[in-house]
There are 4 protein chains.
Amino acid sequence: MSNDLKWNSKITKVEPNNVIVHGYPIQDLMGKIRYSDGLYMILKGELPDEKQSKMLEAILVSSIDHGCSPPSTLAARTVASTGAPINAAIAAGILSINKFHGGAIENAMLTFQEIKATAEKENIDLSTAAKDYVTKTRNQKKTIFGFGHRMHTDDPRQKKLYDMAKELGFDGPYIEISLAVKDSIKEVIGKDLPINVDGAIAALLCEMDFAPILANAFFIIARLPGLLAHIYEEQTDNKPMRKIHPTDYEYIGTDKRSLK
Amino acid sequence: MSNDLKWNSKITKVEPNNVIVHGYPIQDLMGKIRYSDGLYMILKGELPDEKQSKMLEAILVSSIDHGCSPPSTLAARTVASTGAPINAAIAAGILSINKFHGGAIENAMLTFQEIKATAEKENIDLSTAAKDYVTKTRNQKKTIFGFGHRMHTDDPRQKKLYDMAKELGFDGPYIEISLAVKDSIKEVIGKDLPINVDGAIAALLCEMDFAPILANAFFIIARLPGLLAHIYEEQTDNKPMRKIHPTDYEYIGTDKRSLK
Amino acid sequence: MSNDLKWNSKITKVEPNNVIVHGYPIQDLMGKIRYSDGLYMILKGELPDEKQSKMLEAILVSSIDHGCSPPSTLAARTVASTGAPINAAIAAGILSINKFHGGAIENAMLTFQEIKATAEKENIDLSTAAKDYVTKTRNQKKTIFGFGHRMHTDDPRQKKLYDMAKELGFDGPYIEISLAVKDSIKEVIGKDLPINVDGAIAALLCEMDFAPILANAFFIIARLPGLLAHIYEEQTDNKPMRKIHPTDYEYIGTDKRSLK
Amino acid sequence: MSNDLKWNSKITKVEPNNVIVHGYPIQDLMGKIRYSDGLYMILKGELPDEKQSKMLEAILVSSIDHGCSPPSTLAARTVASTGAPINAAIAAGILSINKFHGGAIENAMLTFQEIKATAEKENIDLSTAAKDYVTKTRNQKKTIFGFGHRMHTDDPRQKKLYDMAKELGFDGPYIEISLAVKDSIKEVIGKDLPINVDGAIAALLCEMDFAPILANAFFIIARLPGLLAHIYEEQTDNKPMRKIHPTDYEYIGTDKRSLK
């Protein structure tokens, strides 16, 4: 065989007794960086600064779980209830994160980027470009992603993310665009839809300059602890092969409490 | 329909404009806790203290990537090369984390717990129980999990984890057992096998009182950033449907460097 | 790179303008053999005779679907409802086929093989070995796989499979053992449990000399058309992200009819 | 809970001691119909006639395996080599069947349907519409799916499928379109590309009036026996965690032979 299959990678160098990620010996990273810093670094090639680190950590924490109703949770529990190994149940949960569930993040990123590009190309301000986008999309009877929620009219996660964005200096053009789209939806369509958590994460991932194609993966990583907790609870507290009702469940956990 | 399918969960309460995880409003957690704290809390019901937090973070960072050769990486890249959406490529990577890849953590946890239980039951010291275990397992021609590595004779990740365990107060009976098993393997079998990173993580997850059934999931979460980076590189830098050689690749990334 | 990674396979030879499966040019097989013959041949290396062909086909047809309630169906529909590509929804369905769902086939095969081995080793007849097995398993409070069904007390699939087995000459020792286990359950435990479809398939796969490790795969292949039909119906007739009730559905299809 | 989650399905009615698929009691189907007939019927609601039955069976058999090189095979083997349960290895294989692998069938179906619609709308003949399509697609530098193959310049599967189509009466407009596209590629682009097996299956699935969205699933079902055989061989004949070379393997199976 010739060497014509040889290929290259820029991620990690592994030698005997050395694991070096983007140039950093792994043992130097351990105890020094956060998991989310590692995620940032392995995708970008450089460690985040303290502000980027805090912002990404908050994004991941914001989506750690959303109770029993998301289809990823129900799919993971359903697979778990058949006696599956944990990795199979996790995989099924992840396979549920698609266009209609989690996928709004990627679409909202593409929307915000398109609006920014239009503003630059046509030399108009962001709010005009946002309004043009909303008008065009309404006329095409297409969906505007990242706005409105079945349950939350005033999502505490969105508010917290935007407060942190301001504090940490991520309140740039994409945040502005998201707010302008919200206003335009009200003005053009007549609906008062909140920016939802997907839309907020989308704006922030744009501000942090991540590629839209990675959006789904950020949501997957964020939600994994929740998926795992549901799988574990399913296999620990419930009988195998039970019928899992998608809405008729009750929260019986710890009462509301404050962080110390 | 009767209500007989009603079920309970202790994880997250979701109400209009409220997402409350184990009693904590999600917006209170954002900006305050690490992702890894959220993982700890969603599984245990309580937030970790600072030492637990640091220890778990280091465990996750230790396994963030191991280059191009692990089967989970190759499976994820292979699926990615077919034009799969990212979640499908991630799922394939996760489905590769089994008995022979990552699975040593769970088996090593079970081993260490068995040795501790034997010591307590037979009122013998841990090193005697460890030696008995090694002798028995050798005689049964079974594998002792968590020791030896194809490539690393002195794994920097294991050393760093054990240094941190000492510093943070996690150098309890399971660490002692792992060291005693290492010594017994040398004495009984005559092989000088290092504790590998799986064995080290196993000892620490025992010290932190996690269930062995969760071991695989910790490895999956730890490795996800690496899987994602490989999938992203595959889809960004390589042609679809290329033949992915499992060993003939070269690291062409950043040179070795120090953390500032 | 040396050639030390070279490996061998006995399944299919592919050359320019030739695809040769176990020696047969693929174009010679097309139009001549059934899909199920191809399945038999690719696993065994030889084509089935007409009786083996008919028996395997009936096994596959017996499990083509079981309505909306199986967890594999619900998992596949749940993933499908999120806008997943069809292969992801199929994968989630397949990941649900485990120990408690479909897995009884493998366990029943192992049971029947164990009883046959015991009879031979101890030179006792099959019914005595079956009774010993039932007694032992009852005393260990373990499950006897392949008997009893939530819904079917007299499963028409089992009856048809056993009728065909008799007609085609597959009513050998494993069928005898399955009947003896059924009788012993009644005698020893006092329950009149039918052989279920899993138990019947298990006995027949033993008669056809397939390895128990393949049992799950036969069920997966058999059920795939059903999974696909449910996924297709979910994406065609239902709204995305609907809440999928696990029991409250109604069959609104074609009325009962006879084959012409 | 109200009944507002109630839903309907047209596929299978399950009652105590009755499993009725599209109106047919399952035991009436067993022993009478082929697996592929069941697939046809569960998707279409009606059993195929003898010609449809033969055509679909040949399509499924045509793609049963393609040796060790397809990424679905390599992904399935890679996962299998980690000690995965068979369903996880199958799932990984299926997750590899995407845009660049198997996906050409769906795209070729959409192409052929678009050409037919154009011909009807513009009242031109099929070959003119085909040439217009090829010209347009070439000018847009887009791919024409279903033509050309890395290895087969004269694919025996395509030839056999088209011979059978003629014999069984499926040589309608879509076959004609596929041949016209082949001619137009030669005329317009100057390349003599064969219709590949994906293109041939696409034309036939159009002739049989299946929805393009199902194309991928037909390929998945067709390839499942092959995936399974590779998984089984991997776990039976090879060491766990071996490095799986994507091209350096040798066929060591049965010599070429004729069907009796």
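Considering only B:Val21, B:Val79, B:Val61, the Gaussian network model of chain B with Cα springs below 10 Å gives its largest mean-square fluctuation to B:Val21.
Tell me which trypsin sites (Lys or Arg not before Pro) from the range A:171-209 have a DSSP coil assignment and no more than 13 other beta carbons within 10 Å of their own.
Filter output for the range A:171-209: A:Lys191.
In nanometers and ordered shortest first, the copy-to-copy spacing of the B:Gln113 label point, defined 7 Å from Cα toward Cβ, is 2.9, 4.6, 5.3.
Take every residue in peptide A:98-110, count the Cβ atoms of other chains within 10 Å of its Cβ, and give the average of those counts.
3
Leaving out same-chain residues fewer than 8 places away, which lysines sit with a Cα under 19 Å from that of A:Lys160? The qualifying lysines are A:Lys51, A:Lys54, A:Lys182, A:Lys256, A:Lys260, B:Lys13, B:Lys32.
Within the range D:238-260, what residues put their amide N at less than 13 Å from the label point 7 Å along the Cα-to-Cβ vector of C:Asp209? What the label zone holds, given the 13 Å backbone N cut-off, is no residue at all. On the beta carbon distance between B:Tyr249 and C:Lys44, with R0 = 41 Å, the FRET formula returns roughly 0.60.
So if each residue of separation counts as 0.36 nm, and I subtract the Cα-Cα distance between D:Lys51 and D:Ser258, what length gain in nm does that give? Please list the in-between numbers first.
On the way: separation 207, 0.36 × 207 = 74.52 nm, distance 2.48 nm.
Full-extension gain reported as 72.0 nm.
For chain B, give the magnitude of the charge dipole about the Cα centre (Cβ charges: +1 Lys/Arg, -1 Asp/Glu; no others), in debye to the nearest 20. For this selection, approximately 620 debye. For C:Gly31, the residues whose modelled amide H falls within less than 5 Å of its own, excluding neighbours fewer than 5 places apart on the same chain, are D:Ala58.
With label points set 7 Å from Cα along Cα→Cβ, the inter-copy distances at B:Gly45 are 4.8, 5.2, 5.7 nm, sorted shortest first. A 1.4 Å probe run over the range A:64-243, with the rest of the protein chains in place, finds 37 Å² accessible per residue.
In Å², rounded to the nearest 100, what is the total accessible surface buried by chains D and B against each other with a 1.4 Å probe? Could the numbers behind the result be given before it?
Values: alone 16140 and 16150 Å², together 29800 Å².
Buried surface at the D/B interface: approximately 2500 Å².
Note on C:Glu122/C:Asp163: beta-carbon distance plugged into 1/(1 + (r/R0)^6) with R0 of 35 Å gives a FRET efficiency of 0.65. The modelled label-to-label distance between B:Ser69 and C:Lys136, using points 7 Å beyond Cα along the C-beta direction, is 4.4 nm. For C:Tyr251, neighbours were defined as the other residues whose beta-carbon sits under 13 Å from its Cβ, and their charges (Lys and Arg +1, Asp and Glu -1) total -2. What are the trypsin sites (Lys or Arg not before Pro) within the range C:118-175 that DSSP puts in a loop, where the Cβ has at most 15 other Cβ atoms within 10 Å? Answer in residue order: C:Lys141, C:Lys142, C:Arg150.
Of the beta bridges DSSP finds with both residues in chain A, what % are antiparallel, to the nearest 5? Restricted to chain A, the bridges split so that about 80 percent are antiparallel.
Please work out whether the range D:64-243 counts as rounded, prolate or oblate from its C-alpha gyration tensor, where a ≥ b ≥ c are the square roots of the eigenvalues and a/c under 1.5 means rounded, while otherwise a/b larger than b/c means prolate and anything else oblate?
On the way: a/c = 2.48, a/b = 2.22, b/c = 1.12.
Here the range D:64-243 falls in the prolate category.
Distance to the C-onto-D rotation axis is smallest for one chain C Cβ; residue and value in angstrom are C:Ala91, 2. Surface composition of the range B:79-131: carbon plus sulfur atoms contribute 47% of the solvent-accessible area (1.4 Å probe, protein chains only, all chains present). Just B:Ala58, B:Ala75, B:Ala229 to compare: in a GNM of chain B, with alpha carbon springs under 10 Å, which one fluctuates most? Looking only at B:Ala58, B:Ala75, B:Ala229, the biggest GNM fluctuation is shown by B:Ala229. Other protein chain C-beta atoms within 10 Å of residue C-beta, averaged over C:38-48: 4.
Could you list which residues have their amide H under 5 Å from that of B:Tyr24, counting only those 5 or more apart in sequence or on another chain, with H placed in the peptide plane? Hits under the 5 Å cutoff: A:Arg257.
3J(HN,Hα) along the range A:18-23: 9, 10, 10, 9, 6, x Hz, from the Karplus curve 6.51 cos²θ - 1.76 cosθ + 1.60 with θ = phi - 60°, whole Hz, x for Gly and Pro.
Taken one residue at a time, the phi angles of the range C:38-45 give Karplus couplings (6.51, -1.76, 1.60, θ = phi - 60°) of x, 4, 4, 5, 6, 8, 9, x Hz. Gly and Pro are set to x. Sorted from closest to farthest, the other copies place their A:Phe100 label points 2.6, 3.0, 4.0 nm away, with each point set 7 Å from Cα along Cα→Cβ. For D:Lys121, a cut-off of 17 angstrom between C-alpha atoms picks up these aspartates and glutamates, skipping any fewer than 8 places away in its own chain: D:Asp132.
Just checking the listed ones, B:Tyr133, B:Tyr174, B:Tyr24: in the Gaussian network model of chain B with Cα springs under 10 Å, the one fluctuating most is B:Tyr24. Lys and Arg at +1, Asp and Glu at -1: add these up for the other residues within a Cβ distance under 11 Å of D:Val134 and post the number. Neighbour charge sum, excluding D:Val134 itself: +4. Taking a straight Cα-Cα cut-off under 12 Å and skipping sequence neighbours fewer than 8 places away in the same chain, no aspartates and glutamates fall within cross-link reach of B:Lys142. DSSP beta bridges confined to the protein assembly as shown are antiparallel in about 60 percent of cases. Positive contributions from Lys and Arg (+1) and negative ones from Asp and Glu (-1), summed over other residues with Cβ under 11 Å from the Cβ of C:Thr82, come out at +2.
Based on the alpha-carbon gyration tensor of the protein assembly as shown and its eigenvalue square roots a ≥ b ≥ c, which shape applies: rounded if a/c is under 1.5, prolate if not and a/b is larger than b/c, or oblate?
Numbers: a/c = 1.40, a/b = 1.09, b/c = 1.28.
Rounded, since a/c falls under 1.5.
Mean residue ellipticity at 222 nm, helices only, chain D: -17000 deg cm²/dmol; runs of at least 4 DSSP H residues each add -39,500 (n - 2.57), and the sum is divided by the number of residues.
The values are calculated or read from the model by the stated rules, or taken from the named source; none is laboratory data. Keep in mind it's a predicted model, so treat the numbers as computed, not measured. Ideal geometry is used to build each Cβ from the backbone, glycine not excepted, and the neighbour counts take in all protein chains shown. Accessible surface areas use protein heavy atoms only, side chains included; no ligands, DNA or RNA. Shrake-Rupley method; radii C 1.70, N 1.55, O 1.52, S 1.80 Å.
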